[in-house]
């Protein structure tokens, strides 16, 4: 095997493994899109819902619901006032 063939083989091997490593850490869903969806929902509720809404309470309940969906066997403790 010549020196240039060895370099090409080494380059392609490193390139392949770097692609595999970067694919593992790439988020499957863009967090900005989901955050935008939630913010849009809260704005629409704030402007168009007939009654006043308690946004902090709704946000806390949404967080608890997400955590419960991920792990239904866990318990979420809320800060006491």
Study note, to complete from the structure: Filtering region 55-81 down to residues that are surrounded by 10 or more Cβ atoms within 10 Å (Cβ to Cβ) and either on the phi > 0 side of the Ramachandran plot or not in a helix (DSSP H, G or I) (or both) yields 76
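Evaluate the following for residue 28: is it under 15 Å from the mean Cα position of the chain (by Cα), exposed (fewer than 11 other Cβ atoms within 10 Å of the Cβ) and either part of a helix (DSSP H, G or I) or at pLDDT below 85 (or both)? Quick ask: steps written out before the conclusion?
On the way: under 15 Å from the mean Cα position of the chain (by Cα): yes; exposed (fewer than 11 other Cβ atoms within 10 Å of the Cβ): yes; either part of a helix (DSSP H, G or I) or at pLDDT below 85 (or both): yes.
Yes, satisfied.
Yes or no: residue 44 modelled with pLDDT of 65 or more and assigned to a helix (DSSP H, G or I)? So that I can check it myself, show each step before the final result.
Numbers: modelled with pLDDT of 65 or more: yes; assigned to a helix (DSSP H, G or I): yes.
Yes.
The values are calculated or read from the model by the stated rules, or taken from the named source; none is laboratory data. Small disclaimer: the values here were computed from a predicted structure and weren't measured. As a convention, Cβ positions derive from the backbone with ideal geometry for all residues, glycine included, and neighbour counts pool all protein chains shown.
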